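Shown next, in structure tokens, is the structure this report addresses.
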Amino acid sequence: MSDKTNSIIITDLKDFDIRHILDCGQIFRYYAIDEGKYVVHTRDKRCIVQQSANEAIITFGEGEKEYFWKFFDLDNDYSAIKNALKNKPLLSQAIDYGHGIRILNQDKWETLISFIISANNHIPRIKGIIHRLCDALGEDKGDYHAFPTPQAMASVDEEFYAKLGAGYRAKYLACTARKVADGFDLESISALDGIQANKKLCTLMGVGSKVADCILLFAYHKQDVFPVDTWIKKVYTDITGKVSDDAKTIRKELLDIYGDDMAGYAQQYLFFNKRG
């Protein structure tokens, strides 16, 4: 791995695959511009990632190297993570399939709003709503718009979000934006364990337990969480032989199986593999 002023070059690709990273359900503000070439937006920044058989090149703006190094979690040893997990149930195959996954360090506010929008929704529609939201309320950066601030989002009402296509989530966006703009401290959640952090996020309108776990994994990098959706329910049945719709029970049992220190990583490999 090496870096220049405006780029990072990754030559060891056993722990980095941009398709795995972007397609494992953790981020929505990206699009492909060519084979193996993607534009990725985060907060008020963007980068271009181009991956070939031999290397991945991340290109970004002046002075943004540190930001994107952290964003792509490049200080974390994913070979060690995979080695620690590979003997746990179903993970050997899942890790082989999703070997290039890295859990991004995303902006807390952007992840909160993105996953409120994601609930009971499908990827193209989620991406469309977020794109329109940025265009309408985000700072104009020239040829793209930043993700809007809490203050910008709090300045408009539920009807505004409905016109963006948010549907019943329009009320959630308006109420949660006002609450965060008025002082709800997203940073303070970092100090809480997974259970307490989940409970605190669930006090925000539009955040249920699964959405909260997604936010905690993708923005706070917490490992004592296990987002449970349709695919993870299938994984649960594969492991235990039991069929259940009780997400709380499934979450607890899978945390017990995979451990509070690495469950989040396990969830991503299992989800990506099961969804195929």
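Can you tell me how many residues in the stretch 252-261 are closer than 14 Å to residue 213 by Cα and in contact with a helix residue (DSSP H, G or I) (Cβ under 8 Å, 6 or more places away or on another chain)?
Number of matching residues: 3.
Looking only at residues in the stretch 179-199 that are closer than 18 Å to residue 119 by Cβ and of a type outside the set (A, V, I, L, M, F, W, C), which one is nearest to the chain's Cα centre (by Cα)?
Across the stretch 179-199, the extreme among qualifying residues is 198.
Given the structure, is residue 224 modelled with pLDDT under 95, surrounded by fewer than 21 Cβ atoms within 10 Å (Cβ to Cβ), part of a loop (DSSP other than H, G, I, E, B) and not hydrophobic (A, V, I, L, M, F, W, C)?
Judged against the criteria, residue 224 is not a match.
Grab the helices (runs of 4 or more DSSP H) fully contained in the stretch 4-95, keeping just those with 3 or more residues being within 30 Å of residue 138 (Cα to Cα) and aromatic (Phe, Trp, Tyr).
Fully inside the stretch 4-95 and qualifying: 65-71.
Is the stretch 168-178 home to any residue that is closer than 25 Å to residue 100 by Cβ, assigned to a helix (DSSP H, G or I), within 19 Å of the chain's Cα centre (by Cα) and aliphatic (A, V, I, L, M)?
Within the stretch 168-178, not a single residue is closer than 25 Å to residue 100 by Cβ, assigned to a helix (DSSP H, G or I), within 19 Å of the chain's Cα centre (by Cα) and aliphatic (A, V, I, L, M).
Looking at residue 194 and the list (1) touching a helix residue (DSSP H, G or I) at 6+ places or on another chain (Cβ under 6 Å); (2) in the same structural domain as residue 154 (by TED's automatic domain parsing); (3) not aromatic (Phe, Trp, Tyr), which single condition is not satisfied?
Only one criterion in (1) touching a helix residue (DSSP H, G or I) at 6+ places or on another chain (Cβ under 6 Å); (2) in the same structural domain as residue 154 (by TED's automatic domain parsing); (3) not aromatic (Phe, Trp, Tyr) is unmet by residue 194, namely (1).
Against the conditions (1) surrounded by 14 or more Cβ atoms within 10 Å (Cβ to Cβ); (2) not hydrophobic (A, V, I, L, M, F, W, C); (3) not in a helix (DSSP H, G or I), where does residue 233 fall short? Just the number, please.
Failed condition: (3).
So, in the stretch 135-153, exactly how many residues are buried (at least 19 other Cβ atoms within 10 Å of the Cβ), touching a residue at least 24 places away in the same chain (Cβ under 8 Å) and part of a helix (DSSP H, G or I)?
So the answer is 2.
Of the residues in the stretch 24-41, how many are modelled with pLDDT of 95 or more and either buried (at least 16 other Cβ atoms within 10 Å of the Cβ) or touching a Pro at 6+ places or on another chain (Cβ under 6 Å) (or both)?
The total comes to 8.
Filtering the stretch 80-93 down to residues that are of a type in the set (A, V, I, L, M) and within 19 Å of residue 256 (Cα to Cα), which residue is surrounded by the fewest Cβ atoms within 10 Å (Cβ to Cβ)?
Filtering first and then ranking leaves 84.
The values are calculated or read from the model by the stated rules, or taken from the named source; none is laboratory data. Note that the coordinates shown come from a computational prediction; the quantities given were computed from them, not determined experimentally. All Cβ positions, glycine included, derive from the backbone under ideal geometry; neighbour counts span all protein chains shown.
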